[in-house]
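The values are calculated or read from the model by the stated rules, or taken from the named source; none is laboratory data. Predicted model only: the values in this text are computed from it and were never measured. We place every Cβ from the backbone using ideal geometry, glycine too, and count neighbours over all the protein chains shown. These area figures cover heavy atoms from the full protein model, side chains too; ligands, DNA and RNA do not enter into them. Shrake-Rupley method; radii C 1.70, N 1.55, O 1.52, S 1.80 Å.
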Amino acid sequence: MKKYKLGFIGYGNMAKAIVGGILKSEILSKSQIAVSRLSGNEADGLFCTTDNDYIAENCEYLVLAVKPQIFKSIDFSCKADCVISIMAGVDSNFISDKLKMNGKVIRVMPNTPSQIGKGATAIANNSLSKEHNDFCAEIFRSVGEVCFIDEDKFDAVTCVSGSGPAYAYYFVKAMIDGGVANGLDKETAKKLTLDTVIGACEMVKAHPETPLGVLISNVCSKGGTTIEAVNVFEKNQMDKTVIDAMTACRVRSEELRTGK
Ligand SMILES: NC(=O)c1ccc[n+]([C@@H]2O[C@H](COP(=O)([O-])OP(=O)(O)OC[C@H]3O[C@@H](n4cnc5c(N)ncnc54)[C@H](OP(=O)(O)O)[C@@H]3O)[C@@H](O)[C@H]2O)c1
């Protein structure tokens with residue numbers, strides 16, 4: 001029996017968000033979690049050290065939450081039953097070989113809205129036990145939604161949910177600018193934009209059987225106003241721009257992963 005149920009190597013933005021969700025959902029108590037970080041600074045009342053070996057030897061589950069380049073440059077011996085990695089672009093095989101884990105590694109890709117409990121997390125399908133996978137999923141459900149996906153799709157996951165918050169912020173910013181350009185004050189434009197985007201996403205979720213094209217045309221009455229905006233999107237091939245941008249992101253993810 002290990003001293004801690006869960007250990008973290010690295011206690012930055014993502015680790016803090018995950019621990020916040022775990023404690024809020026009462027999955028574990030503070031005394032069951034320990035972390036190591038470079039500075040050794042206090043870690044929200046959790047046991048905290050600079051000694052990575054100590055954490056990796058004394059926890060049942062170990063979360064790797066340092067930057068990928070840091071992980072590649074440090075060495076520690078791991079005696080955890082299961083390693084969960086949230087590092088972008090580092091394959092589970094690489095981690096397993098480096099830590100001599102014999103395949104007991106679960107690769108996970110969360111995203112930044114996890115910090116407010118609204119994350120979208122992909123967990124790589126793996127051959128670990130149901131118990132390990134259930135615990136891993138429970139952790140990430142405490143900060144949002146979870147889905148299981150084959151690890152060979154993780155570059156695609158990166159270009160959708162990993163980097164996706166930035167695309168959404170970009171569109172939201174453009175809509176606010178558009179509101180201001182057309183006569184609203186910034187605060188009003190921001191409120192209306194956010195409520196509209198959140199409401200539209202909720203509509204999509206509430207009508208899973210309705211194709212998005214139908215939802216779009218439902219707002220576009222013939223000779224009306226919305227169709228004029230959508231026509232400009234189409235003329236400027238906005239869908240192609242978005243797809244091209246996401247492809248560039250996925251290609252960069254592959255390059256970083258393969259070191260090219
Ligand atoms: N942010 C995202 O959107 C996102 C999404 C998916 C996945 N990820 C992945 O999540 C991981 C963490 O990202 P983050 O944004 O949370 O990073 P971060 O805020 O920069 O935190 C990095 C942590 O690593 C610690 N650290 C640095 N060197 C160390 C060492 N030698 N030994 C132990 N700990 C060390 C730092 O310690 P101090 O606190 O003492 O400085 C810090 O706590 C990355 O691998 C990233 O790819 C991030």
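Let's see how each residue does on (1) hydroxyl-bearing (Ser, Thr, Tyr); (2) free of Cβ contacts under 8 Å to residues at least 40 places away in the same chain; (3) at positive phi; (4) not assigned by TED's automatic domain parsing to the domain that holds Leu64:
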{"position": "Asn126", "(1), (2), (3), (4)": "no, yes, no, no"}
{"position": "His132", "(1), (2), (3), (4)": "no, no, no, no"}
{"position": "Ala137", "(1), (2), (3), (4)": "no, yes, no, no"}
{"position": "Phe140", "(1), (2), (3), (4)": "no, no, no, no"}
{"position": "Glu145", "(1), (2), (3), (4)": "no, yes, no, no"}
{"position": "Phe148", "(1), (2), (3), (4)": "no, yes, no, no"}
{"position": "Cys159", "(1), (2), (3), (4)": "no, no, no, yes"}
{"position": "Ala168", "(1), (2), (3), (4)": "no, yes, no, yes"}
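When you check Glu145 against the structure, is it open to solvent by 80 Å² or more (accessible area, probe 1.4 Å) and either aromatic (Phe, Trp, Tyr) or assigned to a helix (DSSP H, G or I) (or both), yes or no? No, not satisfied. Figure legend. Inter-residue proximity from the stretch 20-47: first residues assigned by TED's automatic domain parsing to the domain that holds Ile9, second residues assigned to a helix (DSSP H, G or I) and within 10 Å of the ligand (Cβ to nearest atom), beta-carbon distance below 8 Å, spacing 6+ or different chains. Indicated pairs: Gly20/Gln115; Gly21/Ser114; Ala34/Ile55; Val35/Ala15; Val35/Ile55; Ser36/Asn52; Ser36/Ile55; Asp44/Lys16. Residue pairs whose Cβ atoms lie under 9 Å apart, separated by 6 or more positions or on different chains, with the first residue in the stretch 192-221 and more than 16 Å from Pro165 (Cα to Cα) and the second open to solvent by 60 Å² or more (accessible area, probe 1.4 Å) and in a loop (DSSP other than H, G, I, E, B), are Leu192/Leu184; Val214/His207; Leu215/His207.
Kindly check whether there is at least one residue in the stretch 120-134 that is open to solvent by 60 Å² or more (accessible area, probe 1.4 Å) and within 16 Å of the ligand (Cβ to nearest atom). The answer is no; no qualifying residue exists. Looking only at the stretch 59-70, residues that are more than 7 Å from the ligand (Cβ to nearest atom) and surrounded by 13 or more Cβ atoms within 10 Å (Cβ to Cβ) come to 6 in all.
Can you tell me how many residues in the stretch 39-58 are of a type in the set (S, T, N, Q), within 11 Å of the ligand (Cβ to nearest atom) and surrounded by fewer than 21 Cβ atoms within 10 Å (Cβ to Cβ)? I'd like the intermediate steps shown before the answer.
Start the filter on the stretch 39-58 by keeping residues that are of a type in the set (S, T, N, Q), which leaves 39, 41, 49-50, 52, 58.
Pick out the ones that are also within 11 Å of the ligand (Cβ to nearest atom) and you get 39, 41, 49-50, 52.
Pick out the ones that are also surrounded by fewer than 21 Cβ atoms within 10 Å (Cβ to Cβ) and you get 39, 41, 49-50.
Qualifying residue count, the stretch 39-58: 4.
All of (1) within 19 Å of Gly119 (Cβ to Cβ); (2) in contact with a Phe, Trp or Tyr (Cβ under 7 Å, 6 or more places away or on another chain) hold for Asp53 with one exception: (1).
Taken over the stretch 249-260, the criterion of being open to solvent by 60 Å² or more (accessible area, probe 1.4 Å) and within 14 Å of Thr158 (Cα to Cα) is satisfied by Arg250, Arg252, Glu254, Glu255, Leu256, Arg257. For the stretch 1-34, the candidate set comprises residues that are of a type outside the set (Val, Ile, Thr) and part of a strand (DSSP E or B); within that set, the residue that is nearest to the ligand (Cβ to nearest atom) is Phe8.
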